[in-house]
Structure formats: C-alpha cells, structure tokens
Amino acid sequence: MICEVMNSQAIPRLIDLNGGTFKGITAYPELIHGDIETQDLEKLGTFVRDMIGIGAIMPDENLEDYLRMAADLPERDEETSYMSAARQLEGAEKPQGSKGKKPNAAVNTKNDGAKEPQEPERG
C-alpha cells in the first residue's frame, strides 16, 4: 500500500516539481519494497539439512526454488539443474524393460517352483 501511494502520488509530484533536473525522463521511477527481514541462512540451512537427514522432507525442485529465493540466488536453470541431471541419469541407468528389478540378482528355483532371491556370486 505504501509503495502504491508513493508510486502514484509522491514520486510523480517530486519529479514534476524538479522538472529541470529530470529533463528527458520518459517514465517515473517506481518504489519497490523488499522483504521486511532477511532469512538467517545458517539456521535455515541447518534446519533443512536436519529435516532431510531424518527423512522428514526430500530435496526437490520446490525446495530448491524456495532456498534460492530465501538466499537471493538466481532462479534455477532447467538445463543445468542437478535435479534434472539426476533424473536423466536415473533414466539412463535403468535398462529398458527392467521395471525396477535389481541388476545381477540371481534366482534360485526350488523343486516346489517357488522362486527365492539369491545373492550374486562374487569374484
């Protein structure tokens, strides 16, 4: 509300009253407010690390976007984002048709026909 009043009334009047100083101005400047207070990034980082550590939250794009905003960092670039790269790697590592099966898992079939997982041979 304060910015709105300043931008619609105070700034235009001040510029117009000082017209000689602002010759050639094509648009009035605008007052833009920021956050009332800044985040304590050390506390935020500790909190996020602890929550991820106990499994209460999972790192994802929304969390990254929020942390970037809180730390006044640039927006994430989809092409270079670690989350996008990790997702692409996951897709590349799974052989087609594996449907989540563990690679190199040997299966031991008993006489009764039931399948029992068996550790792969080492060496």
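The values are calculated or read from the model by the stated rules, or taken from the named source; none is laboratory data. Note that the coordinates shown come from a computational prediction; the quantities given were computed from them, not determined experimentally. As a convention, Cβ positions derive from the backbone with ideal geometry for all residues, glycine included, and neighbour counts pool all protein chains shown.
Check off (1) under 30 Å from A70 (Cβ atoms); (2) surrounded by 10 or more Cβ atoms within 10 Å (Cβ to Cβ) for M1 and give me the number that stays unchecked.
So the condition that M1 fails would be (2).
Inside segment 58-109, can you point out the residues that are at pLDDT 85 or above and assigned to a helix (DSSP H, G or I)?
Once the filter is applied, which keeps residues that are at pLDDT 85 or above and assigned to a helix (DSSP H, G or I), segment 58-109 yields E61, N62, L63, E64, D65, Y66, L67, R68, M69, A70.
In segment 26-52, which residues are in a loop (DSSP other than H, G, I, E, B) and either over 25 Å from M1 (Cβ atoms) or in contact with a strand residue (DSSP E or B) (Cβ under 7 Å, 6 or more places away or on another chain) (or both)?
The answer is T26, D40.
Report yes if G55 is exposed (fewer than 10 other Cβ atoms within 10 Å of the Cβ) and either assigned to a loop (DSSP other than H, G, I, E, B) or modelled with pLDDT under 70 (or both), otherwise no.
yes
Mind checking which residues of segment 31-47 are surrounded by 11 or more Cβ atoms within 10 Å (Cβ to Cβ) and either farther than 17 Å from A71 by Cα or touching a Phe, Trp or Tyr at 6+ places or on another chain (Cβ under 9 Å) (or both)?
Across segment 31-47, the qualifying residue is only L31.
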